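One structure below.
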Amino acid sequence: MLYLNRVSRYASGVKGLAIQFASLRSIHTTSVIGIQHSSVLCEERGYRAHNKKSFKPNDRGFRESGNRKNYRDRGRPQSSRYNGSKSKYDREESDVSSVFKGTDFNVTTLGPESFKETVTIDSLLKENLLDESIHRAISSMNFESLTPVQQRTIKPILESSNDIAAKAKTGTGKTLAFLIPIFQHLVKTKLEAPTAVKAVIIAPTRDLAIQISAEIKLLQDSNNALKSYHYSTLIGGTNLDKSLMDLSTNKPNIIVGTPGRINDIVDRVGPRFFKNVDFKVLDEADTLLQIGFLKELSMISKNLNELNVHAPDHIRTLLFSATMDKSVKELARTIFNKKECTFIDTVDKNASEAHERIEQKLVITETFGDSMVALIGSIQAQLEKKKNFKAILFLPTVRFVDFFGGVLNRSLPKDMDIIKFHGKIDQKKRTKLVGRFKRSNHGLFVCTDVGARGMHFPDVEHVYQLCVPTQLPNYIHRIGRTARAGNEGAATIFLFKDELKFVDQLKRSTNVVIKNQSDYHRKDDERWETIASCITSNRDFPEALKTIVGFYKGAQSEYGFSSKAVENILRSYSELHGDPSVLLQFTRHQLNNYFSNRDLGNVADLITVKKSYSHDNNRGFDDDFSSYNSRQNSHKPDRFTKSNRFEDRNVRSDSRRRNNYSKSNFSFDN
């Protein structure tokens, strides 16, 4: 086995060559296997990362190079300490009217200050805006009152025929806000094409589509009179022929689905079933755009308009989103049909985008290994206090979910129901797992960001996060899985010191300030060695940790992290084993995927390289390269000859990485 620390004495030569290659080939930080965009679209995917400013230690903590403000007041509500280029998540469209400025339709803006009256289902019934059958259904659901979002959106939708764009926080009752007007329309037009599809609801993920369908069923179960209006769920990962058969036999009035499947169905049987559509609804519109569904949404809107028997501009659009920016404006320009549009903003512009009933906490550790141990110890402490405890844990990658779920099974009591959930699980099993956790009152839902949007689980007390989210807005959606339906909840994120830049980006972009912050010290934790042993004894630990390395290579570009974050993760492998000589082992092929020549100089003492053999003559890693170097570089000094084994690897690395990603098994949730 070849240990990289054997060649550490050649590090200067390696770095020198890397700089030469950078000038010739414009080498950037290598593409890696990691997650950059939402795992809803793709989990464990490669992206090219770029190094930003590094962090340098001082006597009081860590600070950014050239900036003397340290992290002792991290995330506090003062002016941002980062005054360089704007983050891609900066809220440039804080004035909601500017979002739709320059569009082809007239926009009426209803901000939070526009709503003075209290809207109830009784007042809607009295004003003849709500049918008695719908009033009876909602009343029997035992809602004390409509949520603020429902009060501000339902009446404007019922009173006008405008297209609607509504901004609302996660977990505030948006689903019922568009279902009530849809059912009201079905009741009013029950004699007009009674078996036709009249409403199409588009959700970004399969699980959210299933959740919306469950809300429809709940509304219908509350009053049998509403069961005469049928619905169908069209999502990817299910049998297409069965979906087509359901359209013929069920004759739904409401379609709920994901863009890919709806687009396919409309393309196949649009003239038969989609000629009488009156409403299209886009739920979680910002997520639809983040995932990359703009093209599909445009096609669906265009096809539905062309098929409509009334007029090309007949279909009314309801767009709901947690954030409003330029991308939403472009989407609205593409799919809105009416000349009049009402923008409903239910969020005060100075308010935090996080739900106010969530108690947020940040635990700061020295290393990624400490974060893992501190997280498990925190959950163990909660279970010692409570007989029943229901929580969700978010992790960055599919492989790490599988690994860490296994560690939790060994670390937590046997009666704790631990459910592993990610996008690579087939849809049938995912639906069963969601139902299982909904019914549970004592369990832990361990998932990737595929569970961050549209998943409603009753009575979730706590949301845990290990590592930063795949995208900054997903922090809001992650913690939004708790404190739902008027309840209170808690959310704790565990970050090591080299990823604290995330906290300031969160403050600057979303007005979210995590006031409750504490430092974790390994020496004060009696559980540390026991938990660390449980982690390292899992045979999947090395490969799972490599996916975290890949994730943070992508996060360097996403959040501006320094290369120290990756070094911290690699160092954690030795620290958890309690032996500095135990290093994380990579194959030669993995080196090509994870590290550039420049990276290698920084991590040479933190990893080892597994000996690989040629298929034809069983030559080892050293033999293969020594023979090559003896022929090509015999005239060069010895240190450059040995360094060129890495030089040669990087000369060909870009093409190898490109080919590698074309073979990757991506998982899409559409």
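The values are calculated or read from the model by the stated rules, or taken from the named source; none is laboratory data. As the structure is a computational prediction, the values presented were derived from the model and not from experiment. Please note: Cβ atoms are built from the backbone with ideal geometry, for glycine as well, and neighbour counts cover all protein chains shown. Ligands, DNA and RNA are excluded from the accessible area calculation, which covers all protein heavy atoms including side chains. Shrake-Rupley method; radii C 1.70, N 1.55, O 1.52, S 1.80 Å.
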Quiz prompt | Scan of region 555-594 for residues that are open to solvent by less than 40 Å² (accessible area, probe 1.4 Å), outside any helix (DSSP H, G or I) and hydrophobic (A, V, I, L, M, F, W, C), ordered by number | solution = 561, 583, 584, 586
Quiz item: Any residue at all in region 158-168 that is outside any loop (DSSP other than H, G, I, E, B), touching a residue at least 24 places away in the same chain (Cβ under 8 Å) and more than 22 Å from residue 322 (Cα to Cα)?
Solution: yes
Quiz item: If you check 413, 396, which single one turns out to be surrounded by fewer than 22 Cβ atoms within 10 Å (Cβ to Cβ) and either more than 30 Å from residue 116 (Cα to Cα) or in contact (Cβ under 8 Å) with a residue 24 or more places away in the chain (or both)?
Solution: 413
Self-check item: Test for residue 506: is it crowded, with 22+ Cβ neighbours inside 10 Å, under 17 Å from the mean Cα position of the chain (by Cα) and either in a helix (DSSP H, G or I) or not hydroxyl-bearing (Ser, Thr, Tyr) (or both)
Solution: yes
Quiz item: Among the numbered criteria (1) out of contact with any helix residue (DSSP H, G or I) (no Cβ under 9 Å at 6 or more places or on another chain); (2) of a type outside the set (Ser, Thr, Tyr); (3) surrounded by 24 or more Cβ atoms within 10 Å (Cβ to Cβ), which single criterion is violated by residue 292?
Solution: (3)
Quiz item: Among the residues of region 445-488, which ones are assigned to a loop (DSSP other than H, G, I, E, B) and aromatic (Phe, Trp, Tyr)?
Solution: 457
Quiz item: So which of 273, 279 ends up being closer than 19 Å to residue 179 by Cα, among the aromatic types (Phe, Trp, Tyr) and either in contact (Cβ under 8 Å) with a residue 60 or more places away in the chain or open to solvent by 10 Å² or more (accessible area, probe 1.4 Å) (or both)?
Solution: 279
Quiz prompt | Filtered residues of region 225-254 (kept if farther than 27 Å from residue 422 by Cβ, surrounded by 14 or more Cβ atoms within 10 Å (Cβ to Cβ) and not acidic (Asp, Glu)) | solution = 225, 226, 229, 230, 231, 244, 247, 251, 252, 253, 254
Quiz prompt | Verdict on residue 187 being within 27 Å of residue 158 (Cα to Cα) and either in contact with a Ser or Thr (Cβ under 6 Å, 6 or more places away or on another chain) or surrounded by fewer than 18 Cβ atoms within 10 Å (Cβ to Cβ) (or both) | solution = yes
Quiz item: So which of 357, 333 is open to solvent by 20 Å² or more (accessible area, probe 1.4 Å) and within 30 Å of residue 199 (Cα to Cα)?
Solution: 333
Quiz item: Are any of the residues in region 492-510 among the hydrophobic types (A, V, I, L, M, F, W, C), at pLDDT below 95 and under 19 Å from residue 287 (Cβ atoms)?
Solution: yes
Quiz item: Looking at this structure, is residue 431 of a type in the set (Ser, Thr, Tyr) and farther than 25 Å from residue 548 by Cα?
Solution: yes
Quiz item: Across region 543-575, what is the number of residues that are touching a strand residue (DSSP E or B) at 6+ places or on another chain (Cβ under 6 Å) and closer than 17 Å to residue 398 by Cβ?
Solution: 4
Quiz item: Looking at (1) in a helix (DSSP H, G or I); (2) within 31 Å of the chain's Cα centre (by Cα), can you tell me which one residue 269 breaks?
Solution: (2)
Quiz item: Only one of 366, 340 is modelled with pLDDT of 95 or more, in contact with a strand residue (DSSP E or B) (Cβ under 7 Å, 6 or more places away or on another chain), more than 14 Å from residue 168 (Cα to Cα) and open to solvent by 60 Å² or more (accessible area, probe 1.4 Å); which?
Solution: 366
Self-check item: Residues that are open to solvent by 20 Å² or more (accessible area, probe 1.4 Å), in a loop (DSSP other than H, G, I, E, B) and in contact with a helix residue (DSSP H, G or I) (Cβ under 8 Å, 6 or more places away or on another chain), drawn from region 509-536
Solution: 513, 520, 525, 527
Exercise. Output the qualifying pairs, or none if there are none: Cβ atoms under 9 angstrom, residues six or more apart or on different chains, first residue in region 323-337 and in contact (Cβ under 8 Å) with a residue 60 or more places away in the chain and part of a helix (DSSP H, G or I), second residue among the acidic types (Asp, Glu) and open to solvent by 20 Å² or more (accessible area, probe 1.4 Å).
Key: 326/92; 326/93; 328/93; 329/93; 333/104
Quiz item: Out of curiosity, is residue 311 open to solvent by 10 Å² or more (accessible area, probe 1.4 Å), within 24 Å of residue 525 (Cβ to Cβ) and free of Cβ contacts under 8 Å to residues at least 24 places away in the same chain?
Solution: no
